[in-house]
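Since the structure comes first, as structure tokens, the remarks are kept for the end.
The values are calculated or read from the model by the stated rules, or taken from the named source; none is laboratory data. Because the structure is predicted, anything quoted here is derived from the model rather than measured. Cβ coordinates were reconstructed from backbone atoms using ideal geometry, including for glycine residues, and neighbour counts include every protein chain displayed. These accessible areas exclude ligands, DNA and RNA; they are computed on the full protein's heavy atoms, side chains included. Shrake-Rupley method; radii C 1.70, N 1.55, O 1.52, S 1.80 Å.
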Amino acid sequence: APVTVDSWLDEDSPATNRGTDPLLAVEPGSVNVDTGVVSGRARALVRFRMPRAVPSGCVVESARLHLFSSEETAGTRVEAVRLASAWSENGVTWSAQPRTTGAAAVAWSREGYMRWNVTSQVRATYASGGVDHGFVLRVSAEGTAEGGGGHGFYAREKGENPPTLVIRFA
């Protein structure tokens, strides 16, 4: 399923839209040790053109989300969570981000394509009538002292190695 829209959310610029950027930032942020206030988080949003329905007589056998990063951040885990509400590429901001639903799929950082097993999330999308709002990607330990490092995933605007969702039906 090809990517149709993508953007990223910047906590430090909560009203700024990043829908035309060539890289999708995912950052854990940091915690001020004196106040406990978290800042500096960034999350990526992606949505795909999924088939409208599971083919007759088939089930979703597997689904894998692929995003490309030109560098690795050792020891960092990134999670993909299904989005539960609508958003637009040129309108989404940190202050107006969509809600999430369900469990996260988690992948360890690596150079090149990171891959998440999102089979249960894609099955849930079809079970709820096939309305797809996409995924949010965020550092698993965002906003903690051991949050890890960030990523710059290639957006569709980059023109190479765009995000993809590979769905297998059986």
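Tabulated results
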| quantity | calculated |
| --- | --- |
| Number of positions in segment 24-58 that are of a type in the set (Val, Ile, Thr) and either modelled with pLDDT of 95 or more or surrounded by 16 or more Cβ atoms within 10 Å (Cβ to Cβ) (or both) | 5 |
| Criterion: part of a loop (DSSP other than H, G, I, E, B), closer than 26 Å to Pro51 by Cα and of a type in the set (A, V, I, L, M, F, W, C) - qualifying residue of Val131, Val122, Val136 | Val131 |
| In segment 9-23, residue surrounded by the fewest Cβ atoms within 10 Å (Cβ to Cβ) [restricted to those that are touching an Asp or Glu at 6+ places or on another chain (Cβ under 7 Å) and within 16 Å of Gly40 (Cβ to Cβ)] | Thr16 |
| Output for segment 61-76, where each listed residue is of a type in the set (D, E, K, R) and part of a loop (DSSP other than H, G, I, E, B) | Glu71, Glu72 |
| Output for segment 126-142, where each listed residue is over 24 Å from Val78 (Cβ atoms), in contact (Cβ under 8 Å) with a residue 60 or more places away in the chain and either open to solvent by 30 Å² or more (accessible area, probe 1.4 Å) or in contact with an Asp or Glu (Cβ under 6 Å, 6 or more places away or on another chain) (or both) | Tyr126 |
| Matching residues in segment 89-113 - criterion: being among the charged types (D, E, K, R) and either open to solvent by less than 60 Å² (accessible area, probe 1.4 Å) or part of a strand (DSSP E or B) (or both) | Glu89 |
| Which numbered condition Val92 misses (of (1) within 27 Å of Val31 (Cβ to Cβ); (2) out of contact with any Leu (no Cβ under 8 Å at 6 or more places or on another chain); (3) of a type in the set (A, V, I, L, M)) | (2) |
| Per-region count, segment 1-38, residues of a type in the set (Ser, Thr, Tyr) and closer than 16 Å to Thr93 by Cβ | 4 |
| Residue that is nearest to the chain's Cα centre (by Cα) [pool: residues in segment 59-84 that are surrounded by fewer than 22 Cβ atoms within 10 Å (Cβ to Cβ) and of a type in the set (D, E, K, R)] | Glu79 |
